[in-house]
Amino acid sequence: MLWLRLLCCLMLACELAAASAPVARRSEFVSIRGRLHVDAGRWAERQKLVLRWNPVSGDLRLTNRWTRLILKADTARAELDGTLIWMGAPLAQAGGRPLLPVQDADRVLAPLLNPPRLPDGHKVKRIAISAGHGGKDPGNMEGGRKEKDYTLKLAFELERQLKRAGFDVLQVRDKDRYIPPEERPVIANGKKADLYLALHYNGRPTARGSAQGLETYCLTFANGESTNGGQSRGFMPGNRHDRENLTLAYQVHRSLLGELEFADRGVRRANFAELRLAEMPAVLIEGGFMDSREDALKIYSDSARAKFATAIVDGVLAYKRLVERGQPEQ
Ligand SMILES: [Zn+2]
């Protein structure tokens with residue numbers, strides 16, 4: 001029975017090797033509370049980023065010559081070159097190493113580091129502007145001021161400046177009338193717009209006090225979480241452009257922050273009807289809080305509104321340059 005004992009020894013050796021394997025070469029993926037995470041070091045290597053991790057403070061820095069991405073353990077805040085991006089879940093740590101939620105690594109961080117490119121011949125030319133609210137729906141109210149009036153003023157200023165920059169413009173709402181949110185992208189779809197910009201202003205967020213700052217939204221990923229809570233409703237037409245949506249949101253948000261010195265409330269994801277049904281890359285801008293004294297300076301005056309529109313145009317141009325890179329000029 002020597003062969004049987006030898007076989008047993010061999011099997012035992014194999015089992016020991018298998019048992020020690022996770023220690024010797026740690027798995028790249030770890031599940032924490034049912035959510036899959038990837039080892040940040042391995043992910044950073046693939047993205048050609050240099051990792052610096054402080055396990056005591058929980059500070060994670062991922063850098064290369066052009067980019068600096070900063071994360072912190074136990075928060076979903078990611079700062080890309082100084083601009084706040086909300087991930088769906090926090091950076092985790094286990095065994096002294098940082099772990100990125102896989103969904104965020106793949107769907108949020110990777111597309112921002114490696115922006116998508118439109119197929120050859122596809123250009124950003126026609127832009128749909130959707131001035132929030134209208135008619136029976138005033139939107140947020142501050143004193144005698146109605147959100148619907150200021151989104152329309154911004155829409156007209158933005159149209160003027162986009163046309164000057166060489167774009168075609170479609171106004172989804174060009175007067176004080178009510179158009180349900182779910183009908184708005186359908187109008188843009190029918191006119192084959194290449195981009196969709198929804199314009200809004202925030203009101204008081206809660207009874208607990210006021211807030212201030214800029215928020216830019218793109219559509220929640222299929223089966224993903226919205227930044228302000230809630231889940232997606234599965235795959236929607238707008239999810240065909242997840243990578244472009246995020247790139248556009250980041251570029252517009254970053255440009256607005258740079259030119260208007262808003263408090264940064266981040267690039268966020270939400271399930272807004274306007275974004276769900278858009279068949280082109282789409283974002284929704286919440287251009288400050290109507291009841292905030294600082295934000296009011298950027299909302300109500302004509303000169304601030306002109307500056308606001310310029311920042312959106314610059315963001316759209318930055319997006320256009322990125323997604324059309326490598327294509328002939330005309
Ligand atoms: Zn609104």
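The values are calculated or read from the model by the stated rules, or taken from the named source; none is laboratory data. Only a predicted model underlies this, so the values are computations on that prediction, with no experimental measurement involved. Backbone-built Cβ (ideal geometry, glycine too); neighbour counts: all protein chains shown. When the accessible area is computed, the model is the full protein with side chains, heavy atoms only, and any ligands, DNA or RNA have been set aside. Shrake-Rupley method; radii C 1.70, N 1.55, O 1.52, S 1.80 Å.
Here are a few things to note about the model shown:
- Set of lysines with alpha-carbon distance to K123 below 27 Å, sequence-local pairs under 8 removed: K163, K191, K192, K307, K320
- Think of it as helices only: each DSSP H run of n ≥ 4 in the chain is worth -39500 (n - 2.57), and spread over all residues that comes to -10500 deg cm²/dmol at 222 nm.
- Computed from label points 7 Å out along Cα-Cβ, the spacing between F235 and F29 is 1.9 nm.
- Gyration tensor verdict on region 99-147 (Cα atoms; rounded if a/c is under 1.5, prolate if a/b is larger than b/c, oblate otherwise): oblate
- Inter-site label distance for N223 and A165 at 7 Å from Cα along Cβ, in nm: 3.6
- Per residue accessible area in Å² of the chain, where ligands, DNA and RNA are left out and the probe is 1.4 Å: 50
- Helix runs (DSSP H) in the chain reaching 24 Å along axis by Cα, Kyte-Doolittle at least 0.0: 2-24, 302-323
- Charge tally around G203: other residues with Cβ under 9 Å, Lys/Arg +1 each, Asp/Glu -1 each, net -2.
- Taking amide H atoms as placed 1.01 Å from N in the peptide plane, the amide H of L36 lies under 5 Å from those of V102, each 5 or more residues away in sequence or on another chain.
- Taking only protein heavy atoms and a 1.4 Å probe, the accessible area of region 49-152 is 49% carbon and sulfur.
- Virtual spin-label span in nm between H122 and S57, 7 Å along Cα→Cβ: 4.2
- q = 0.09, 0.12, 0.13 Å⁻¹, region 126-323: log10 I(q)/I(0) [Debye, one scatterer per Cα]: -0.29, -0.53, -0.62
- Cut-off 14 Å between beta-carbons: net charge of the residues surrounding G224, Lys and Arg +1, Asp and Glu -1: +3
- Cα gyration tensor, region 190-275 - rounded (a/c under 1.5), prolate or oblate: oblate
- Of the two radii for the chain, the radius of gyration is 1.09 times the Kirkwood radius, both from the alpha carbons; that is the Rg over Rh value.
- Residue with peak Gaussian network fluctuation, the chain [Cα springs, cutoff 10 Å], from Y201, Y217, Y178: Y178
- Spatial separation of Cα centroids for region 166-194 and region 64-94, in angstrom: 34
- For S232, distant residues with modelled amide H under 5 Å away: N223, G224, S226
- For R145, nonlocal amide neighbours, meaning residues 5 or more places apart or on other chains whose placed amide H falls under 5 Å from its own, do not occur.
- With the Kirkwood sum run over all distinct C-alpha pairs, region 23-101 has a hydrodynamic radius of 12.8 Å.
- Highest-first arrangement of 241-251, 179-189, where packing means the average Cβ count within 10 Å: 241-251, 179-189
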